[in-house]
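The values are calculated or read from the model by the stated rules, or taken from the named source; none is laboratory data. The shown structure was predicted, so the numbers you read here are calculated from the model rather than taken from an experiment. Here the Cβ positions follow ideal geometry from the backbone for every residue, glycine too, while neighbour counts run over all protein chains shown.
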Amino acid sequence: MTIHVAPTPTALADRVHRLRSPGGIEAWLIEDHTLPILSMQFGFRGGPTLDAADRAGSARMLADLLTEGAGPMDAGAFRRALGDRAIRLSFSIWTDSLRGELKTLAREAAAAFDLLGLALRAPRLAPDDLVRVRSALESDARAGLSRPDPVASRSFAARGFPVHPYGRPVGGDLDSLPRISHGDLAALHERMLTRANLRVGVVGAIGPEALGIALDRAFAELPGGAMAATPLTGLQGLGERVVTRLGLPQSTIRFGRPGIPRQDPDFAAATVVNQCLGGDMSSRLFREVREKRGLCYAMRTGLHVAEGACTLVGMTATRNDRVGETLRVIEDELLRLSTDGLGQDEIDRAKGYLLGSSKLRLDSSSAIAALLLALQLDGCGLDWLDTHNRRIAAVTPEDGRRAAARLLGDGRLLIAIAGDPVGS
């Protein structure tokens with residue numbers, strides 16, 4: 001085994017061991033014996049981006065089936081094996097990855113990693129379980145046809161990324177889900193759940209050598225192949241409005257523009273610009289749309305960073321007869337911010353919030369393990385959080401003006417509306 005302690009002087013990186021197990025599995029570890037608990041977050045690159053174009057929802061279905069029995073154990077036996085040792089194991093789908101969380105008492109680590117390894121190497125994918133999981137996803141998809149938030153989100157993605165995996169429904173739809181076969185799931189499992197696609201973050205009561213042995217119990221027997229990077233893309237449809245009619249008293253609005261990638265020198269300034277635009281209840285859009293005009297209850301924007309694209313997205317809801325007014329206020333405010341930039345006081349408030357909230361989010365071992373995983377999946381170094389916070393603190397009004405002009409441009413948006421807006 002080889003263990004490399006990160007040499008960077010930053011606060012987060014000082015605590016992290018970068019290790020490689022005897023079987024070649026890499027992981028980032030923060031050793032903490034305050035409680036006899038071990039939290040691990042792990043992920044496999046790909047996720048929904050590997051779904052076939054006519055089989056959206058495959059990765060989601062696979063994630064749901066990974067805890068429905070493995071090896072010789074059916075779903076009930078597998079759940080009992082976890083429950084008898086108070087082991088928590090779950091899987092979820094993200095934009096570019098399939099992720100898992102394992103939480104266990106330190107004394108049960110060997111059993112926990114054995115069960116995890118069995119779930120990853122030999123999921124049963126039993127016909128009855130496949131039918132049940134498919135039925136649940138179809139039920140969700142059917143219910144989502146009448147709910148404005150998912151309708152607006154799907155319409156936004158479909159128009160914004162029409163020929164890219166990001167445009168497909170992550171959970172599938174009523175056309176794609178019936179097409180997904182056992183063979184599709186088995187092929188996706190073999191392609192995605194590999195050592196080369198794997199990233200691991202661990203926090204808790206275990207040392208590097210013991211963790212290396214445990215990692216091999218779970219991951220060493222996985223195949224080794226790697227997938228290609230997600231194709232780069234950018235949001236399309238700027239200046240367009242996509243309306244899906246729903247018989248509801250108000251409309252949900254999703255809007256967006258291309259963002260600034262994480263690796264771009266202006267990303268920190270763009271983060272500050274977004275915070276000022278729609279990041280919280282002191283933001284410009286919240287003040288103009290809700291407080292001054294009473295057009296909505298909630299208004300928020302954010303930078304959605306994925307492997308293939310970064311997108312500035314926002315969401316709100318308003319009465320059908322006030323949709324036009326709401327959109328005019330949003331577009332005017334974007335153009336004003338793009339043209340005029342930000343003042344020092346506004347930037348200082350945004351920076352204070354961002355720097356404080358970044359620490360508050362790391363309030364548990366699971367949250368810290370999730371950060372370690374996210375940094376690896378995003379291709380960031382151990383020092384990224386600390387250097388990013390320093391870049392946030394250093395943002396000036398000139399940086400803000402430059403980033404705002406790039407991020408907001410001419411103010412044109414792709415807008416998806418779910419409801420019955422008057423005049424649209």
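Tallying residues that are among the basic types (Lys, Arg) and either outside the structural domain of GLY204 (by TED's automatic domain parsing) or farther than 13 Å from ALA210 by Cα (or both) within region 16-35 yields 1. Within the option set ARG361, ARG406, ARG401, being touching a Gly at 6+ places or on another chain (Cβ under 8 Å) and more than 30 Å from SER146 (Cβ to Cβ) holds for one residue only, ARG401.
Can you spot a residue in region 123-131 that is in contact (Cβ under 8 Å) with a residue 12 or more places away in the chain, within 22 Å of the chain's Cα centre (by Cα) and surrounded by fewer than 20 Cβ atoms within 10 Å (Cβ to Cβ)?
Restricting attention to region 123-131, the residues satisfying the condition of being in contact (Cβ under 8 Å) with a residue 12 or more places away in the chain are 123-127, 129-130.
Pick out the ones that are also within 22 Å of the chain's Cα centre (by Cα) and you get none.
Checked region 123-131: no residue is in contact (Cβ under 8 Å) with a residue 12 or more places away in the chain, within 22 Å of the chain's Cα centre (by Cα) and surrounded by fewer than 20 Cβ atoms within 10 Å (Cβ to Cβ).
In the set (1) buried (at least 21 other Cβ atoms within 10 Å of the Cβ); (2) under 30 Å from ALA309 (Cα atoms); (3) not polar (S, T, N, Q), LEU116 fails one condition alone, (2).
Would you point out the residue of region 72-90, among those that are over 23 Å from ARG107 (Cα atoms) and assigned to a helix (DSSP H, G or I), that is farthest from the chain's Cα centre (by Cα)?
Step one: of region 72-90, the residues over 23 Å from ARG107 (Cα atoms) are 72, 74-76.
If we keep only those that are assigned to a helix (DSSP H, G or I) as well, we get 75-76.
Numbers: ALA75: 27, GLY76: 30 Å.
Only one residue tops the list, namely GLY76.
Looking only at residues in region 266-286 that are more than 22 Å from the chain's Cα centre (by Cα) and part of a loop (DSSP other than H, G, I, E, B), the one that is surrounded by the fewest Cβ atoms within 10 Å (Cβ to Cβ) is MET281. Of the residues making up region 294-317, none is touching a strand residue (DSSP E or B) at 6+ places or on another chain (Cβ under 7 Å), assigned to a helix (DSSP H, G or I) and modelled with pLDDT of 95 or more.
For region 356-373, the tally of residues that are free of Cβ contacts under 8 Å to residues at least 60 places away in the same chain and closer than 16 Å to VAL16 by Cβ stands at 2. Quick one: is VAL289 assigned to a strand (DSSP E or B) and either without any contact (Cβ under 8 Å) to a residue 60 or more places away in the chain or aliphatic (A, V, I, L, M) (or both)? Considered against the rule, which asks whether it is assigned to a strand (DSSP E or B) and either without any contact (Cβ under 8 Å) to a residue 60 or more places away in the chain or aliphatic (A, V, I, L, M) (or both), VAL289 comes out as no. Confirm whether PHE42 is closer than 30 Å to GLY379 by Cβ and surrounded by 22 or more Cβ atoms within 10 Å (Cβ to Cβ). Against the criterion (closer than 30 Å to GLY379 by Cβ and surrounded by 22 or more Cβ atoms within 10 Å (Cβ to Cβ)), PHE42 qualifies. Among the residues of region 251-261, are any part of a loop (DSSP other than H, G, I, E, B), out of contact with any strand residue (DSSP E or B) (no Cβ under 7 Å at 6 or more places or on another chain) and outside the structural domain of GLY24 (by TED's automatic domain parsing)? No, region 251-261 has no match at all.
Given the condition touching a strand residue (DSSP E or B) at 6+ places or on another chain (Cβ under 8 Å), assigned by TED's automatic domain parsing to the domain that holds GLY278 and either in contact (Cβ under 8 Å) with a residue 60 or more places away in the chain or not in a helix (DSSP H, G or I) (or both), answer yes or no: does some residue in region 387-405 qualify? Within region 387-405 (the criterion being touching a strand residue (DSSP E or B) at 6+ places or on another chain (Cβ under 8 Å), assigned by TED's automatic domain parsing to the domain that holds GLY278 and either in contact (Cβ under 8 Å) with a residue 60 or more places away in the chain or not in a helix (DSSP H, G or I) (or both)), the answer is no, since none of the residues qualifies. Got at least one residue in region 296-307 being out of contact with any Leu (no Cβ under 9 Å at 6 or more places or on another chain), closer than 30 Å to ARG45 by Cβ and touching a residue at least 12 places away in the same chain (Cβ under 8 Å)? Yes.
One residue alone among ALA229, ALA214 is touching a residue at least 12 places away in the same chain (Cβ under 8 Å), over 24 Å from the mean Cα position of the chain (by Cα) and either surrounded by 20 or more Cβ atoms within 10 Å (Cβ to Cβ) or not in a helix (DSSP H, G or I) (or both), and that residue is ALA214.
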